[in-house]
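Enquirer: Starting off with a structure, shown below.
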Amino acid sequence: MSARFAPRAPDPARAGIGLRTPHFEALAGRRPALSFLEVHSENYFADGGPSLAWLERFREDYAVSLHGVGLSLGSADPLDREHLSRLSRLAARIEPALVSEHLCWSSVGGRHLNELLPLPYSEEVLAHVCERVSQVQDMLGRTILVENVSSYLRFASSTIPEGEFVAELACRTGCGVLLDVNNAWVNAVNHGTDAREFLAAIDPATVGEIHVAGCETTPAGLIDTHGAPVFPEVWALLEETLARLGPVPTLVEWDTNLPALDVLLGEAARADAVLAAAAGARRRAAA
Amino acid sequence: MKPVPALASLQARFADAVLDGGDERLAPLLAGDPGVNRRRLAVYRDAVHANRRETLRGAFPVVARLVGEGFFDEATKGFGWRSPPACADLNRYGEGFPAFLAAYPHAAAMPWLADVARLEWAWQESLMAADEPVLDYAALTGIADAEPEGLRLRLHASVRLVRSAWPVLAIWEANQPDRDGTPAREEGTDDVLAWREAQRVRLALLSPPEADFLEGLGRGLPLGEVCAKMDGRDFTGMLVRLARHGMLGGYSVEGAAKA
Amino acid sequence: MRSKRLLIRSALAGMIAAGLGQAPLAVADEGKEKCYGIAKAGQNDCGTATHSCAGLAKKDNAQDEWKYVPKGTCTKLGGKLKPPAGK
């Protein structure tokens, strides 16, 4: 009998991609070199079936990131214990390298909107979210990464800039930051703020993962659709960010209008090049 | 958890504005230009509905194809108001959609539509049912010899039966992606068996006695009772078929359950 | 009674033989059989706001009547699938 299966860790010099069902067969057949595969945790909450069987197969070849979309970390409701225990069971089964959630809310008063909704950034809300992130980390027995989201509305009661809010959350709870560079840019354009100011507020040591994705220009502003190639402005921001942070596991997100696997791998290769440049610059600076 | 009344009230107003329309009570809480905010609130409204609609399209692709885009958009909107998602995992959303369609006045001219939806939901349930080992046939040998009439066979978690007064399987097959929607049959009262085998969902048509027999097994009746639903040869054939395709998950004798 | 017991016994013998000959649960071998899809198509996505639809109109608003006319493949279903006349 072979030794116990050892879960894989992401290779920070390479990009990862989101694992989506239409790509299962092509990925399994070709097994391209990727740092990691990221899935939406909720899509694997069932007690059985093909999706879970595929994921168990993929975890033998790739590091896995469980990215949750439903925990409603910022809700005024009590934490959803059932949701959390399903996540906990999945994490025990898959042994992911990374577990992440969003800095947002998606349900209140028992009503489920199933969407990543924005929070006001105030001291009261910061204390609330910190308490809940700590509860989640205690229940899962591990630190999680928390991602900044795209938002289309802001609140009059917000008193703390988003970057400071995220940095303070990481500082107080020990959670990591999943830095979504596209979301930072979307918010900056939509709200007339400065993406670089947001990114500069984040302590590099707390960043455990980076996301880039494509969005869409509309009369209402930039919409984070995850349905298009990454914008040039976002690639430029990624270059700056990685130059400051050094290589960090970076994911290309693509959820709607899913292209052929090759298109997605092409985007990942472009992120690989940015990661390699950042690593090279670091080595030169150290020499 | 310390209560956060200001946040609870803000989120309740946000949810009202997104789900029920109107932004009078939310607008004063927002920063920025009111006109822009109104357009952006609509982005969230669109997203909430589109997430529900696309989730339902994933679970009910044949219904979506049968009724077309505009009808499906309206029907899923109506269903969302009547039965909004009860949890954060949208993969479990849609259980009540067949019943909604059965009572939907705009679908009255398509009386078979709700049954097509029932078949699609059975497919989904079968797909997501728990993995479980198949029945331990070796252990069953002795029991089968001694007390066969009292033996109760338990169906595998993925087995579902849909009984319809319409040719639902023919409609379903005609609306798979590679087909043009013309059914091979226009007649039939289809009893359709769904189960998962080697991680694929499979569908098969049953005869009415076979469906009665399977319903009996599902209700936990002993073999001594369910065998009367079919003649001898069909009875053996059905048990062999269930075994060959991994549709049996366990058994029990006189209250002593086995796996 | 005796014949019923014999019938069940012989049916079970056939079932057990079929069951013992069965392969264990596994990820499907690709290409061996015609399948009906392998995974759920509609899934939780990651805050992927779409704005292609008309949005969630206010509940009490009049809806677009034209949308209630089905325009899909239901038109390909034959005459026998229509509800009885006069109903």
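The values are calculated or read from the model by the stated rules, or taken from the named source; none is laboratory data. Because the structure is predicted, anything quoted here is derived from the model rather than measured. Here Cβ is always computed from backbone atoms with ideal geometry, including for glycine, and neighbour counts include all displayed protein chains. Note: accessible area is taken over every heavy atom of the protein model, side chains too, but ligands, DNA and RNA are not part of it. Shrake-Rupley method; radii C 1.70, N 1.55, O 1.52, S 1.80 Å.
Enquirer: Using a 10 angstrom cutoff on alpha carbons, build the Gaussian network for chain B and name the most mobile of B:A198, B:A102, B:A31.
Expert: Among B:A198, B:A102, B:A31, the largest mean-square fluctuation in the Gaussian network model of chain B belongs to B:A31.
Enquirer: Rounded to the nearest 100 Å², what is the buried accessible area between B and C, both sides summed, probe 1.4 Å? Can you show the working numbers first?
Expert: Working: alone 14720 and 9540 Å², together 17880 Å².
Adding both sides of the contact gives about 6400 Å².
Enquirer: A further question follows. For the pair B and A, how large is the buried accessible area, both sides, in square angstrom to the nearest 100, if the probe is 1.4 Å? Walk me through the intermediate numbers first.
Expert: On the way: alone 14720 and 12940 Å², together 23780 Å².
Approximately 3900 Å² gets buried when B meets A.
Enquirer: Given the -39500 (n - 2.57) contribution per DSSP H run of 4+ residues, what per-residue ellipticity at 222 nm results for the protein assembly as shown, rounded to the nearest 500 deg cm²/dmol? Spell out each step's value before the answer.
Expert: Numbers: 21 runs with 267 residues, N = 633.
Using -39500 (n - 2.57) per qualifying helix, the result is -13500 deg cm²/dmol.
Enquirer: Which of the peptides B:136-142, B:215-221, B:178-184, B:41-47 is most tightly packed, and how do the rest follow, judged by the mean count of other Cβ atoms within 10 Å per residue? Walk me through the numbers on the way to the answer.
Expert: Values: B:136-142: 14.4, B:215-221: 16.0, B:178-184: 12.9, B:41-47: 23.6.
Listed from highest to lowest mean packing, they are B:41-47, B:215-221, B:136-142, B:178-184.
Enquirer: Follow-up. Relative to the longest principal axis of the C-alpha atoms of chain B, give the angle of the C-alpha long axis of helix B:5-20, reported between 0 and 90° and rounded to the nearest 10°.
Expert: 80
Enquirer: Take A:A13 and A:R30, extend 7 Å from each Cα along the Cα→Cβ direction, and tell me the distance between the two endpoints in nm.
Expert: Rounded to a tenth, the inter-label distance reads 2.2 nm.
Enquirer: GNM on chain B, C-alpha springs below 10 Å: top fluctuator among B:V62, B:V162, B:V240?
Expert: Of the options given, B:V240 has the highest mean-square fluctuation.
Enquirer: Please report how far the C-alpha centroid of the stretch A:47-62 lies from that of the stretch A:230-248, rounded to the nearest whole angstrom.
Expert: 31
Enquirer: If the cut-off is 13 Å between C-alpha atoms, which aspartates and glutamates fall inside it for B:K2, apart from same-chain ones fewer than 8 positions away?
Expert: A:D77, A:E124, A:E131
Enquirer: Which value in nm describes the separation of the simple spin-label points at B:K2 and B:A103, placed 7 Å from the Cα toward the beta carbon?
Expert: Here the modelled spin labels are 4.5 nm apart.
Enquirer: Pop the C-beta distance of B:A184 and B:D234 into the FRET formula with R0 = 30 Å and round what comes out to the nearest 0.05. Spell out each step's value before the answer.
Expert: Details: r = 24 Å, r/R0 = 0.82.
According to the calculation, E is roughly 0.75.
Enquirer: Give the interface area between chains A and C as buried accessible surface, both sides summed, probe 1.4 Å, in Å² to the nearest 100. Before the final figure, lay out each step's value.
Expert: On the way: alone 12940 and 9540 Å², together 20750 Å².
In total, this chain pair buries about 1700 Å².
Enquirer: Show me, for the stretch B:73-79, the HN-Hα J-couplings you get by feeding each phi into the Karplus relation (A = 6.51, B = -1.76, C = 1.60, θ = phi - 60°), rounded to Hz, glycine and proline as x.
Expert: For the stretch B:73-79, the Karplus curve yields 4, 5, 5, 6, 5, x, 5 Hz.
Enquirer: Which net charge results when you count Lys and Arg as +1 and Asp and Glu as -1 among the other residues whose beta-carbon is under 13 Å from that of B:S158? Walk me through the intermediate numbers first.
Expert: Working: positive: B:R154, B:R160, B:R196, B:R200, B:R202; negative: A:D47, B:E125, B:D131, B:E132, B:E197.
Here the count lands on 0.
Enquirer: Determine the principal axes of the Cα atoms in the stretch B:111-259, then give the extent along each, sorted from largest to smallest and rounded to whole angstroms.
Expert: Extents along the principal axes, in whole Å: 53, 32, 21.
Enquirer: Related question: For the stretch B:10-118, what percent of Cα pairs sit more than 20 Å apart? Walk me through the numbers on the way to the answer.
Expert: Working: 2677 of 5886 pairs.
Percent of Cα pairs beyond 20 Å in the stretch B:10-118: 45.
Enquirer: Mind checking B:61-74 for the average number of partner chain beta-carbons within 10 Å of each residue's beta-carbon? Before the final figure, lay out each step's value.
Expert: Values: counts 3, 2, 2, 2, 3, 7, 7, 8, 4, 9, 8, 4, 4, 7.
Mean shielding count: 5.
Enquirer: Check A:R154: other-chain or 5+ apart residues with amide H under 5 Å from its amide H, H built from backbone geometry?
Expert: B:A31
Enquirer: Give the cross-link partners of C:K4 among the aspartates and glutamates, using a straight C-alpha distance below 15 Å as the criterion and excluding same-chain residues fewer than 8 apart.
Expert: B:D145, B:E147, B:E149, B:E225, B:D231, B:D234
Enquirer: Aspartates and glutamates near B:K77 by alpha-carbon distance under 17 Å, same-chain residues fewer than 8 away left out - which ones?
Expert: Straight-line reach from B:K77, under 17 Å: A:E115, B:D16, B:D20, B:D46, B:E54, B:E69, B:E95, C:D60, C:D64, C:E65.
Enquirer: Still on this model: Considering the alpha-carbon set of the stretch A:220-287 alone, what are its Rg and its Dmax in angstrom?
Expert: When restricted to the Cα atoms of the stretch A:220-287, Rg and Dmax are 13.8, 48 Å.
Enquirer: A further question on this structure: How charged is the neighbourhood of B:M230? Take every other residue with its Cβ under 10 Å from the Cβ of B:M230, and add Lys/Arg as +1 and Asp/Glu as -1. Intermediate values should be presented prior to the final figure.
Expert: Numbers: positive: B:K229, B:R233; negative: B:E210, B:D212, B:D231, B:D234.
Its environment carries a net charge of -2.
Enquirer: Stick to Cα atoms and the Kirkwood definition of Rh, then tell me Rg/Rh for the stretch A:175-267.
Expert: On the way: Rg = 13.2 Å, Rh = 13.7 Å.
Dividing the radius of gyration by the Kirkwood radius yields 0.97.
Enquirer: May I ask for the equivalent-ellipsoid semi-axes of the stretch A:15-279, computed as the square root of five times each C-alpha gyration tensor eigenvalue and listed largest first in whole Å? Walk me through the numbers before you get to the answer.
Expert: Working: eigenvalues 138, 111, 59 Å².
Taking √(5λ) for each eigenvalue gives 26, 24, 17 Å, largest first.
Enquirer: Moving on to the next point. Of A:G29, A:P12, A:A127, whose Cα points farthest to the positive end of the dipole of chain A (charges on the beta-carbon: +1 Lys, Arg; -1 Asp, Glu; origin at the Cα centre)?
Expert: A:G29
Enquirer: Give me the distance in nm between label points sitting 7 Å out from Cα along the Cα-to-Cβ direction at A:A6 and B:T141, one decimal.
Expert: 4.4
Enquirer: Also: Lys and Arg at +1, Asp and Glu at -1: add these up for the other residues within a Cβ distance under 12 Å of A:E233 and post the number.
Expert: Working: positive: A:R196; negative: A:E239, A:E240.
After counting each charged neighbour, the total is -1.
Enquirer: Let me ask something additional. Whole Å is fine, so just give me how far the alpha carbon centre of the stretch A:21-38 lies from that of the stretch A:205-219.
Expert: 21
Enquirer: Okay, next question. Please work out the average accessible area per residue across the protein assembly as shown, using the 1.4 Å probe convention, and give it in Å². Can you show the working numbers first?
Expert: Details: 25470 Å² over 633 residues.
That works out to 40 Å² for each residue.
Enquirer: When the Debye formula is applied to the Cα atoms of the stretch A:1-103, each taken as the same point scatterer, what base-10 log of I(q)/I(0) results at q = 0.10, 0.12, 0.13, 0.16 Å⁻¹?
Expert: Debye intensities relative to I(0), on a log10 scale: -0.29, -0.42, -0.49, -0.72.
Enquirer: Roughly how many percent of the accessible protein surface of the protein assembly as shown is carbon and sulfur, given a 1.4 Å probe and a whole-percent answer? Walk me through the numbers on the way to the answer.
Expert: Working: 13780 of 25470 Å².
In the protein assembly as shown, the share of accessible area belonging to carbon and sulfur is 54 percent.
Enquirer: Work out the length of the dipole vector of the protein assembly as shown about its Cα centre, built from +1 on the beta-carbon of each Lys and Arg and -1 on the beta-carbon of each Asp and Glu, and round it to the nearest 20 debye. Mind dumping the intermediate values first?
Expert: On the way: 68 positive and 80 negative charges, 294 e Å.
The calculated dipole for the protein assembly as shown is roughly 1420 debye.
Enquirer: Averaged over its residues, how many other protein chain Cβ atoms are within 10 Å of peptide B:13-20's Cβ atoms?
Expert: Values: counts 1, 7, 9, 3, 1, 6, 4, 4.
Mean shielding by partner chains, rounded to a whole number: 4.
Enquirer: Next question. Averaged across the residues of B:163-170, what count of C-beta atoms belonging to other chains lies within 10 Å of each residue's C-beta? Don't jump to the answer; show the numbers that get you there.
Expert: Values: counts 0, 0, 0, 3, 4, 0, 0, 2.
The shielding value for this peptide is 1.
Enquirer: Please compute, for the alpha-carbon atoms of the protein assembly as shown, the extent along each of the three principal axes and give them in descending order in Å.
Expert: Extents along the principal axes, in whole Å: 87, 70, 47.
Enquirer: Based on the Cβ-Cβ distance of C:R9 and B:E215, what FRET efficiency does E = 1/(1 + (r/R0)^6) give at R0 = 35 Å, to the nearest 0.05?
Expert: 0.90
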